[in-house]
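Okay, structure first, notes after.
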Amino acid sequence: MSDCIFCKIAAGEIGKLVYEDDYVAAFDDLNPVAETHVLIVPKKHIASLNEIDADEHGAMAGHALAAAAKIAAERGLTDGYRLVSNCGAHGGQTVMHLHFHLVGGRAMGWPPFPEE
């Protein structure tokens, strides 16, 4: 999708990637809620988890989870971290490109993100 900001970042057109493989790209969140806040996005435009099909997207989903674990280890998140995907407007999704928030570096409470 040509006007999607996450598609442009995943394609390397803008921003700086902290991880990349054939299926996903990752970059630091511009508005972090913790010491570590990385977004992991599929390179192919998928609007949200509602569009995921196991047969078509299974490899990408596996790579996203493996990327999260690898980035967490590289960032020294030995005490734990949170991996979140907001789905739809009522779920808090503000960019309509599937993405996973990898958040860590502090104790995680509930709700997952602090109130503004």
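Just so it is clear, none of the values below were taken in a lab; they were calculated from the coordinates. What you see is a predicted model; the values in this text were computed from it and never measured. Methodologically, a virtual Cβ is constructed for each residue, glycine included, from the backbone with ideal geometry; neighbour enumeration extends over all protein chains shown.
Unpaired cysteine residues in the chain (no second Cys Cβ under 4.7 Å): C87. With each label modelled as a point 7 angstrom along the Cα→C-beta vector, the A89-E56 pair spans 2.4 nm. Placing unit charges on the Cβ atoms of the charged side chains and taking the dipole of the chain about its Cα centre, the candidate lying farthest along the positive direction among I9, H57, A34 is A34.
How big is the equivalent ellipsoid of the range 5-104 along its three axes, where each semi-axis is √(5λ) from the Cα gyration tensor, reported in whole Å from largest to smallest?
Working: eigenvalues 74, 45, 42 Å².
After scaling each eigenvalue by five and taking roots: 19, 15, 15 Å.
Helix-only arithmetic for the chain: the sum of -39500 (n - 2.57) across DSSP H runs with n ≥ 4, divided by the residue total, places the mean residue ellipticity at 222 nm at -7500 deg cm²/dmol.
Note on the chain: GNM, Cα springs under 10 Å; of V95, V103, V38, the largest mean-square fluctuation is that of V95. Rounded to the nearest 20, the Cβ-based charge dipole of the range 5-104 about its Cα centre (Lys and Arg +1, Asp and Glu -1) stands at 200 debye. Cβ-to-Cβ counts within 10 Å put M108, M60 in ascending order as M108, M60, the fewest first.
For the chain, the longest principal axis of the alpha carbon atoms and the long axis of helix 54-74 meet at an angle near 30°.
If you take the beta carbon distance between D29 and T78 as r and set R0 to 25 Å, what does 1/(1 + (r/R0)^6) give as a FRET efficiency, to the nearest 0.05?
The calculated FRET efficiency here is 0.75.
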